[in-house]
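Everything on this sheet refers to the single structure shown next.
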Amino acid sequence: MNYYIKKSKTSEFKKVQITKDSENKPQKTETEVSEQEKLSLDTKYDLITSSLSDFDSIISFDVYDIDALSGILNYRDASGNHKQVRY
């Protein structure tokens, strides 16, 4: 399984691959994204965050399907309250 994550406004997206080792335990590997993936992910991020009037800071932005708008945005508003958007 692969997904993409952004952990702060200034951080770059990372591609996360989850596999199972020989003992059937999950292993997580983070890698850099390609330029094409970066463009697509940045566009989705800008689209989602620009539509939120109370968006102040990102907690995490997870994209489960790069070809569709599918994932979760966890963020804080100006008061520091945690909010979540599923898209």
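Across the stretch 7-16, the qualifying residues are those that are open to solvent by less than 70 Å² (accessible area, probe 1.4 Å) and at pLDDT below 95, and the one among them that is farthest from Arg76 (Cα to Cα) is Ser11. The residues on offer are Leu41, Leu47, and the sole one that is over 12 Å from the mean Cα position of the chain (by Cα) and assigned to a helix (DSSP H, G or I) is Leu47.
Being open to solvent by less than 60 Å² (accessible area, probe 1.4 Å), among the acidic types (Asp, Glu) and more than 11 Å from Tyr87 (Cβ to Cβ) is the filter; apply it to the stretch 17-74 and report the residue that is modelled with the lowest pLDDT. Selected residue: Asp21. Please go through (1) surrounded by 10 or more Cβ atoms within 10 Å (Cβ to Cβ); (2) at pLDDT 95 or above for His82 and return the number of the only condition it doesn't satisfy. Unmet for His82, out of (1) surrounded by 10 or more Cβ atoms within 10 Å (Cβ to Cβ); (2) at pLDDT 95 or above: (1).
The values are calculated or read from the model by the stated rules, or taken from the named source; none is laboratory data. Being a predicted model, the structure only gives us computed values, none of them experimental. Reconstructed Cβ throughout: ideal geometry from the backbone, glycine too, with neighbour counts over all protein chains shown. Side chains are part of the model used for accessible areas, which takes the heavy atoms of the whole protein and leaves out ligands, DNA and RNA. Shrake-Rupley method; radii C 1.70, N 1.55, O 1.52, S 1.80 Å.
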